[in-house]
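I have placed the structure first, in the form of structure tokens, so that the comments after it can refer back to it.
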Amino acid sequence: MAVPKRKVSKQRKHKRRTHWKLFVPKLVKCEQCGAFKKPHAVCPECGTYKGKQIIATGE
């Protein structure tokens, strides 16, 4: 079994983990209803995408 010969320093450990980050999801306003949605996705509120009705809502 492989065992490290020396202790891994904090600096080396932190360098390895620099990409472990949380990110805020990008949101854009819907052109039809003004609700916030993910870009390039169907609006969950009104069901439109690029000005066309994709999902029939309960209205």
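The values are calculated or read from the model by the stated rules, or taken from the named source; none is laboratory data. Given the structure is predicted, the values throughout are model-derived calculations rather than measurements. Cβ placement follows ideal geometry from the backbone for every residue including glycine, while neighbour counts extend to all protein chains displayed.
Here are the numbers:
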{"item": "Contacts under 8 angstrom Cβ, first residue in the stretch 10-26 being of a type in the set (Lys, Arg), partner in a loop (DSSP other than H, G, I, E, B), 6 or more apart", "result": "Lys26/Lys38; Lys26/Pro39"}
{"item": "Hits in the stretch 31-40 - residues which are part of a loop (DSSP other than H, G, I, E, B), at negative phi and surrounded by 10 or more Cβ atoms within 10 Å (Cβ to Cβ)", "result": "Glu31, Gln32, Cys33, Ala35, Lys38"}
{"item": "Residues located in the stretch 1-30, provided they are farther than 24 Å from Val42 by Cα, in a loop (DSSP other than H, G, I, E, B) and charged (D, E, K, R)", "result": "Lys5, Arg6, Lys7, Arg17, Lys21"}
{"item": "Members of the stretch 1-19 found to be at pLDDT below 90 and polar (S, T, N, Q), listed by number", "result": "Thr18"}
